[in-house]
Amino acid sequence: MSAVIPSDVRAFAEGQRLARLATVDERGRPHAVPVCFALENDTLYTPIDEKPKRGDPAALRRLRNIAANPEVQVLLDAYDDADWSRLRYVQLRGHATVIAPGEAPHARAVALLRARYAQYRDMDLASRPIIAVHVRRAVQWSART
């Protein structure tokens, strides 16, 4: 099981359908995008899927940024307009790698993502890269603490 991500953080993260991946380019400029994801142990996987992208998916800014600076952060949050005592966020900070098709654990990541999101069952994830975030630190905040 996970050594870095505590069980309460894992439960919160797995209850979220969307996260935000933050990367930084070679000049220190931040870039954040919403992503779908799957967690296994202390690794978060997010695909370069078939949703419309500007330009060549292999040249996406997030991939270029990871090549320049692999330190990333994934943000998951909950917001309740009626009850601010329910506000919460989790930051998963770590080192990202890009897994090419055929590399380990690409097939496992595809299976996890397809199990979590029905939309991915009909997408060709097997021929596209997947980002693996190897979580080194989990930070959380809650209005209830």
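The values are calculated or read from the model by the stated rules, or taken from the named source; none is laboratory data. None of the values given here were measured: they were computed from a predicted structure. Methodologically, a virtual Cβ is constructed for each residue, glycine included, from the backbone with ideal geometry; neighbour enumeration extends over all protein chains shown.
Odds and ends about this structure:
- Close contacts from segment 115-131, counting a first residue that is more than 15 Å from Ile99 (Cβ to Cβ) and a second that is crowded, with 17+ Cβ neighbours inside 10 Å and at pLDDT 95 or above, with Cβ to Cβ under 6 Å and a gap of 6+ residues or different chains, come to Arg116/Ala38; Tyr117/Cys36; Tyr120/Leu113; Tyr120/Arg114; Arg121/Arg114.
- For segment 25-40, the tally of residues that are under 10 Å from Ala68 (Cβ atoms) and surrounded by 10 or more Cβ atoms within 10 Å (Cβ to Cβ) stands at 2.
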